[in-house]
Amino acid sequence: MIDKQNLVTKNAMEILSQVQSSFAAEKKKEALDTFNAMPMPKEKDEDWRYTEIEKLKLENFDLTDSNAKISVTPLSEDLIEKGVILTDINTALDNYPAAQKYFFKNTKMDKDKFIALSAAHFNNGIFLYVPKNIELDEPIKVNFNFESKASMLHNLIVIESNSKIDFIEEYSNQESNDGQLNVCVTEVFANENSKINFYHINNWTRNVSSFASIVGTAERDAAINWVSGCFGGKLNKLRIDTNFNGKGSQCSNIGVFMVREKEHIDFTTNVYHNVENTTNNILVDGILKDESSSVYRGLIRIEKEAQKTFSYLENHILKLGDKTLANSIPSLKIDANDVKASHGATVGQIDEEHLFYLMSRGLSRAEAEQLVVEGFFEPVINKIPSEELRERIRGLIRK
């Protein structure tokens, strides 16, 4: 039964099928009502400050004709026999109780119009399920690529107790002269004493507007380590929420982003400490070139019951050019009294003296700037556990 339903088995890069889920159909109707009832966000809204969302007209995109090509690495026969499942989200929702149990369990569609949009119109995505006491030696890799006007995705990852995995996802598109829209929601559940290293990379062309929301839930003694790299896009919005629901749970979040020309990035990390004795550490660095702009938002929320919490947030942005615009908005909301929580943020222009020194050694200004860019990112890149991802991000920075 498992072998028949698990679509990703033997071929090195097999393409997931796209079918309709009868289970999802009813959920989509409910989500569509929610979506239609919600107003389009405005820049004056707190979650959208410094992002000109009013310029995006959803009516310009055919949301019923969204299509993304999903390619994945195969599971070994051994993992399939042990009960690991990797398949498309629609097949999963119709065949696996675990998918139905966790689907939108901790994700609130009535708080974000784009989450509701994904819930109402998603037509594909992946489901990854790892049973108890499984440790994967090789990472699970998934590539999402689209060339149509729109891509609507929903991904669901469930890691049971005492299991450990690395998961790598990368998003890209085939360039179009017309505007393109990507909306994706990913839910990650790390159950007791499990660990997931979750790597996210997006690499968009200049006409893409992307809205990605990743929500992770860590139970007792579980660990979620986020690593993300964001590059390009007319509007590139990534939001990562982490819910600490179990004592002893922990999370690290390493992020880098770089935008050029008139691109805009909106990067948000929110952490919610709901129980005592949890640990969080966030570091997000970004570089702006030409006339690009960015906003980084970071929230640490500690509930009254979440004593003995340690939580730290750090953000650094380097501007290359007088026409760039950067905003950093870190915040703390603390109701407990026995905690250690703090944040730090810096926004600064490139040091002309550094450039002059490098140029005096024979480098052009462009070469000198590139050397400064690579040096700026290198400390955070060195914190990434995967050598493969370190090199991938370095390559995107050099483009």
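Structure data summary
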read-out: Count - residues of the range 31-47 that are touching a residue at least 24 places away in the same chain (Cβ under 8 Å) and either farther than 30 Å from LEU86 by Cβ or among the hydroxyl-bearing types (Ser, Thr, Tyr) (or both); value: 6
read-out: Test: residue in the range 269-292 that is open to solvent by less than 30 Å² (accessible area, probe 1.4 Å), in contact with a His (Cβ under 6 Å, 6 or more places away or on another chain) and not aliphatic (A, V, I, L, M); value: yes
read-out: Conditions (1) within 30 Å of MET40 (Cα to Cα); (2) crowded, with 23+ Cβ neighbours inside 10 Å; number of the one not met by LYS149; value: (2)
read-out: Filtered residues of the range 354-365 (kept if open to solvent by 70 Å² or more (accessible area, probe 1.4 Å) and either within 20 Å of ILE282 (Cα to Cα) or part of a helix (DSSP H, G or I) (or both)); value: HIS354, PHE356, TYR357, MET359, ARG365
read-out: Near pairs, Cβ below 8 angstrom, 6+ apart or cross-chain, from the range 112-132 (closer than 23 Å to SER76 by Cβ) to any residue that is aromatic (Phe, Trp, Tyr); value: PHE127/TYR96; LEU128/PHE167; TYR129/TYR96
read-out: Conditions (1) out of contact with any helix residue (DSSP H, G or I) (no Cβ under 8 Å at 6 or more places or on another chain); (2) open to solvent by 80 Å² or more (accessible area, probe 1.4 Å); (3) closer than 17 Å to PHE211 by Cα; number of the one not met by LYS42; value: (1)
read-out: Enumeration of residues in the range 45-54 that are outside any loop (DSSP other than H, G, I, E, B) and within 21 Å of VAL208 (Cβ to Cβ); value: ASP47, TRP48, ILE53, GLU54
read-out: Test: residue in the range 2-16 that is open to solvent by 70 Å² or more (accessible area, probe 1.4 Å), part of a helix (DSSP H, G or I) and at pLDDT 85 or above; value: no
read-out: Test: LYS101 is free of Cβ contacts under 8 Å to residues at least 60 places away in the same chain and either within 25 Å of ASP62 (Cβ to Cβ) or assigned to a helix (DSSP H, G or I) (or both); value: yes
read-out: Tabulated pairs, the range 232-258, first in contact (Cβ under 8 Å) with a residue 12 or more places away in the chain and farther than 20 Å from ARG394 by Cα, second open to solvent by 20 Å² or more (accessible area, probe 1.4 Å) and of a type in the set (A, V, I, L, M), C-beta under 6 angstrom, 6+ apart or interchain; value: LYS247/VAL275
read-out: Test: residue in the range 77-95 that is surrounded by 15 or more Cβ atoms within 10 Å (Cβ to Cβ), in contact with a strand residue (DSSP E or B) (Cβ under 6 Å, 6 or more places away or on another chain) and part of a helix (DSSP H, G or I); value: yes
read-out: Qualifying residue in the range 297-308 (condition: touching a His at 6+ places or on another chain (Cβ under 8 Å), surrounded by 23 or more Cβ atoms within 10 Å (Cβ to Cβ), more than 25 Å from LYS42 (Cα to Cα) and small (Gly, Ala, Ser)); value: yes
read-out: So SER328, is it closer than 16 Å to LYS262 by Cα and surrounded by 19 or more Cβ atoms within 10 Å (Cβ to Cβ); value: no
read-out: Qualifying residue in the range 123-140 (condition: over 22 Å from ILE240 (Cβ atoms), in a strand (DSSP E or B) and at pLDDT 95 or above); value: yes
read-out: When residues of the range 45-76 are limited to those that are in contact with a helix residue (DSSP H, G or I) (Cβ under 8 Å, 6 or more places away or on another chain) and either surrounded by fewer than 12 Cβ atoms within 10 Å (Cβ to Cβ) or of a type in the set (A, V, I, L, M) (or both), the one modelled with the highest pLDDT; value: LEU58
read-out: Out of ASN197, ASN155, sole residue that is closer than 16 Å to LYS105 by Cα, in contact (Cβ under 8 Å) with a residue 40 or more places away in the chain and either open to solvent by 10 Å² or more (accessible area, probe 1.4 Å) or of a type outside the set (A, V, I, L, M, F, W, C) (or both); value: ASN155
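The values are calculated or read from the model by the stated rules, or taken from the named source; none is laboratory data. Remember, it's a predicted structure, so these values are computed and weren't measured experimentally. Here the Cβ is made from the backbone with ideal geometry for all residues, glycine too, and neighbour counts use every protein chain on show. Accessible surface is based on the protein model in full, side chains and every heavy atom, while ligands, DNA and RNA are left aside. Shrake-Rupley method; radii C 1.70, N 1.55, O 1.52, S 1.80 Å.
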